[in-house]
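Since every read-out is calculated from the coordinates, none of them should be taken as a lab result. Here the structure is a predicted model, which is why all the values come from computation and not from measurement. Cβ coordinates were reconstructed from backbone atoms using ideal geometry, including for glycine residues, and neighbour counts include every protein chain displayed.
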Amino acid sequence: MSKIEIPPFLFGQDKAVSARIILSEDYEGIITRDYGFIIAVVDVLSVSIGQIIPGNANTFHEVQFTILSFRPTISEVVEGDVVEIVDFGAFIRLGPLDGLVHVSQITDDYISYEQVGNRFIGKETGKILEVNDSVRAKVIAVSLGGGRSGKLGLSMRSPFLGKDDWIEEDIEKMYSDDKSKEGKNNASDDESSE
């Protein structure tokens with residue numbers, strides 16, 4: 001439940017339409033501690049009869065409405081695209097928000113920033129991170145300030161995180177490790193049966 005003011009220029013419309021216009025201006029794009037990033041006002045459920053206050057041309061209404069929001073949590077795994085690379089990290093677009101993967105959180109490998117190609121390169125692995133790469137990351141820090149500011153810290157250092165081809169390599173490595181363990185177990189079973 002929220003209170004809104006409907007100005008006279010919106011009086012000719014249905015109350016729900018007027019309320020939605022005001023709510024969209026007041027709430028969409030705002031970050032709150034309770035709801036996270038408010039993406040959109042989805043529906044206006046009810047609008048009370050307006051109250052008039054002497055000396056004010058607006059009418060005052062109580063409104064019930066639903067919103068669509070994104071509230072990231074610590075350890076949540078998210079997917080997005082790299083939208084900017086700077087010397088201290090990469091910015092990942094996560095729908096309505098951008099998160100930062102600090103250079104120390106890109107991989108376990110030593111990473112260097114290549115200004116000419118505007119990318120990061122792993123010294124030992126040769127892994128490359130560039131703008132427009134699709135990535136999977138884990139949320140490691142959430143700071144939801146008020147208004148339109150908020151910060152998300154991300155990490156791609158764990159297995160099965162990072163670029164799609166890095167994840168595929170981790171999966172292949174996991175299967176090859178499982179097969180080699182299986183082969184060792186079969187060999188030890190054969191020796192004990194002799």
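Observations on the structure shown:
- Given the choices [x] 47; [y] 59; [z] 35, percent of Cα pairs over 24 Å apart derived from the coordinates of this structure is entry [y].
- 10 Å beta-carbon shell around Ile85, net charge (K/R +1, D/E -1): -4
- Applying both filters, DSSP loop and at most 15 other Cβ atoms within 10 Å, to the trypsin sites (Lys or Arg not before Pro) of the stretch 1-110 gives Arg33.
- Cα-based shape type of the stretch 77-166, given that a ≥ b ≥ c are square roots of the gyration tensor eigenvalues and the cut on a/c is 1.5: prolate
- Using the Stokes-Einstein relation with a Kirkwood hydrodynamic radius computed over Cα pairs, the translational diffusion coefficient of the stretch 2-70 at 25 °C and a viscosity of 0.890 mPa s comes to 196 µm²/s.
- The chain: most fluctuating residue of Gly95, Gly153, Gly55 per GNM, C-alpha cutoff 10 Å: Gly55
- Candidates Phe37, Gly12, His102 compared by Cα position along the dipole of the chain: farthest toward the positive end lies Gly12, with charges placed on Cβ.
- Test item: Cα-centred dipole of the stretch 96-137, Lys/Arg +1 and Asp/Glu -1 on Cβ, debye: 20 debye
- Trypsin sites (Lys or Arg not before Pro) within the stretch 135-175, DSSP loop, no more than 15 other Cβ atoms inside 10 Å: Arg148
- Dipole size of the chain about its Cα centre, with +1 on Lys/Arg Cβ and -1 on Asp/Glu Cβ: approximately 1200 debye, rounded to the nearest 20.
- Net charge of neighbours whose Cβ lies under 10 Å from the Cβ of Val47, counting Lys and Arg as +1 and Asp and Glu as -1: 0
- Estimated FRET transfer efficiency (Asn132, Ile171; beta-carbon r; R0 25 Å; 0.05): 0.65
- Counted charge near Ala137, where neighbours are those whose Cβ lies closer than 13 Å (Asp, Glu -1; Lys, Arg +1): -1
- Karplus 3J(HN,Hα) series, Hz, for the stretch 22-35 with 6.51 cos²θ - 1.76 cosθ + 1.60 (x for Gly, Pro): 5, 4, 4, 5, 7, 10, 5, x, 8, 10, 10, 5, 6, 10
- Stretch gain in nm, segment Phe160-Glu5, where the contour uses 0.36 nm per residue and the Cα spacing is subtracted: 50.8 nm
- In this structure the amide hydrogen of Ile67, modeled in the peptide plane, comes within under 5 Å of the amide hydrogens of Val42, none closer than 5 places in sequence on its chain.
- Placing +1 on the Cβ of every Lys and Arg and -1 on the Cβ of every Asp and Glu, with nothing else charged, gives the stretch 77-166 a dipole about its Cα centre of roughly 340 debye.
- Chain lengthening between Asn56 and Asp34 when straightened (0.36 nm per residue, less Cα-Cα): 4.8 nm
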